[in-house]
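Asker: Input: one structure, supplied below.
The values are calculated or read from the model by the stated rules, or taken from the named source; none is laboratory data. Values in this document were obtained by computation on a predicted structure and should not be read as measured data. In this analysis, Cβ positions are derived from the backbone assuming ideal geometry, glycine residues included, and neighbour counts consider all displayed protein chains. Protein only, heavy atoms only, side chains kept; ligands, DNA and RNA dropped before computing areas. Shrake-Rupley method; radii C 1.70, N 1.55, O 1.52, S 1.80 Å.
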Amino acid sequence: MIILKLGGSIITDKAAKEPTVNHNHLNRIAREIKNSNTSDLIIVHGAGSYGHPFAREYSIGKPFSSDEDFQKKRMGFTITQSWVKKLNSIVCDALREQGVPAISIQPSSFITTENKRINKADISMVDSYLKKGFIPVIYGDVVLDEDPSIQMAVVSGDQIISYLAKNLLPERVILGTDVDGVFNKNPKLNKDSRIIETLSSLQELDSVDATTTVDVTGGMIGKLEELLKLAQLGIESEIINAGCNNLIEEALKGKKVPGTVIKK
Ligand code: ADP
């Protein structure tokens, strides 16, 4: 089994003020997934500009201060859920148009968190779909949180990847994003950054700061924290550039492609 993540940075314009899909990337990637002929596959995608602006506006995951604040957050939760669901429909449609049997799985309907970490998720349904040859498509979403002071949280595609990988033990975990892998510093801001081919700790980065200003779930650092925890369990993952033609396809076909491997 392979778990493939499509980053919000690649399937949406993450810096856009309005939810904006990058149809060129999405349609090309859908074609690459089809061409790779992968059957035992789970796709997880990020929310990008369909999620972060709303989760930020309504401070989902932050403690609420009054009943009025709670009611506002609850409405913000429904708004965020609705937008990320729209993005998921667009992703599933793009896959289906290529003949990929994509089936949408909505996190807010079966996952809960406790202090923002997944504590309950019955993934037997994911398994049942996989067994029949469907390709489950799961995504970053808002979920109910069991911590009474927050009650609602954002669960990132990266946290979902990590949870699924821990429980399903895939052969390969591939994360497609908009840069060539992990660098010693943000490659978008530093021309002299260099790629790290194998990463086992955050200490290998020069600085650990907030990565993108738009990401409410931690950007590259949040992603690495999830993947390093997985690595500790002996599950390797790799971050590759989904913006480069054919890399996803080659990776799905089992080839070694340029990027960063996260391992123990
Ligand atoms: P995605 O939405 O694809 O999951 P993120 O936006 O969360 O990805 O993370 C990718 C972004 O992280 C890149 O666009 C890059 O600007 C930023 N970034 C920050 N620091 C680094 C780093 N050290 N190496 C690679 N990318 C970094």
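Asker: Answer yes or no as to whether residue 260 is within 11 Å of the ligand (Cβ to nearest atom), under 17 Å from the mean Cα position of the chain (by Cα), hydroxyl-bearing (Ser, Thr, Tyr) and within 24 Å of residue 116 (Cα to Cα).
Answerer: no
Residues checked against (1) surrounded by fewer than 21 Cβ atoms within 10 Å (Cβ to Cβ); (2) modelled with pLDDT of 95 or more; (3) in a helix (DSSP H, G or I):
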{"residue": "26", "(1), (2), (3)": "no, yes, yes"}
{"residue": "33", "(1), (2), (3)": "no, yes, yes"}
{"residue": "39", "(1), (2), (3)": "yes, no, no"}
{"residue": "63", "(1), (2), (3)": "yes, yes, no"}
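Asker: Being more than 15 Å from residue 6 (Cβ to Cβ) and in a loop (DSSP other than H, G, I, E, B) is the filter; apply it to segment 230-244 and report the residue that is farthest from the ligand (Cβ to nearest atom).
Answerer: 234
Asker: Follow-up question, since we're still on this one. Quick check on segment 85-96. Is at least one of its residues away from the ligand (no atom under 16 Å from the Cβ), touching a residue at least 60 places away in the same chain (Cβ under 8 Å) and closer than 25 Å to residue 172 by Cβ?
Answerer: Yes, there is a match, as at least one residue in segment 85-96 is away from the ligand (no atom under 16 Å from the Cβ), touching a residue at least 60 places away in the same chain (Cβ under 8 Å) and closer than 25 Å to residue 172 by Cβ.
Asker: Taking the residues in segment 4-24 that are assigned to a helix (DSSP H, G or I) and under 16 Å from residue 96 (Cβ atoms) as candidates, determine which candidate is least open to solvent (accessible area, probe 1.4 Å).
Answerer: Checked segment 4-24; the qualifying residue least open to solvent (accessible area, probe 1.4 Å) is 11.
Asker: While we're on this one: I'm checking my understanding of the structure. Among residues of segment 32-82 that are aromatic (Phe, Trp, Tyr) and without any contact (Cβ under 8 Å) to a residue 60 or more places away in the chain, which one is nearest to residue 2 (Cα to Cα)?
Answerer: 50
Asker: Tell me, which residue of segment 58-102 that is under 17 Å from the mean Cα position of the chain (by Cα) and of a type in the set (Gly, Ala, Ser) is nearest to residue 146 (Cα to Cα)?
Answerer: Only one residue tops the list, namely 89.
Asker: Another question about this same structure. Which of the residues belonging to segment 89-98 are open to solvent by 40 Å² or more (accessible area, probe 1.4 Å) and touching a strand residue (DSSP E or B) at 6+ places or on another chain (Cβ under 6 Å)?
Answerer: 90, 96
Asker: Please work out if residue 160 is hydrophobic (A, V, I, L, M, F, W, C), touching a Pro at 6+ places or on another chain (Cβ under 7 Å), closer than 27 Å to residue 126 by Cβ and touching a residue at least 24 places away in the same chain (Cβ under 8 Å).
Answerer: So residue 160 passes the test.
Asker: Any residue in segment 216-232 that's of a type in the set (Asp, Glu): show its pairings with residues that are open to solvent by less than 50 Å² (accessible area, probe 1.4 Å) and part of a helix (DSSP H, G or I) at Cβ separation under 6 Å, as long as the two are six or more apart or on different chains.
Answerer: As it stands, the answer is 226/158; 226/159; 226/162, since those pairs meet every condition given.
Asker: Where in segment 127-218 are there strands (runs of 3 or more DSSP E), lying fully within it, with 3 or more residues that are within 13 Å of the ligand (Cβ to nearest atom) and surrounded by 14 or more Cβ atoms within 10 Å (Cβ to Cβ)?
Answerer: Once the strands (runs of 3 or more DSSP E) in segment 127-218 are filtered for at least 3 residues that are within 13 Å of the ligand (Cβ to nearest atom) and surrounded by 14 or more Cβ atoms within 10 Å (Cβ to Cβ), what remains is 172-177.
Asker: If I ask for residues that are open to solvent by 60 Å² or more (accessible area, probe 1.4 Å) and not aromatic (Phe, Trp, Tyr), which ones from segment 65-88 would you list?
Answerer: Those that are open to solvent by 60 Å² or more (accessible area, probe 1.4 Å) and not aromatic (Phe, Trp, Tyr): 65, 67, 68, 71, 72, 74, 75, 78, 85, 86.
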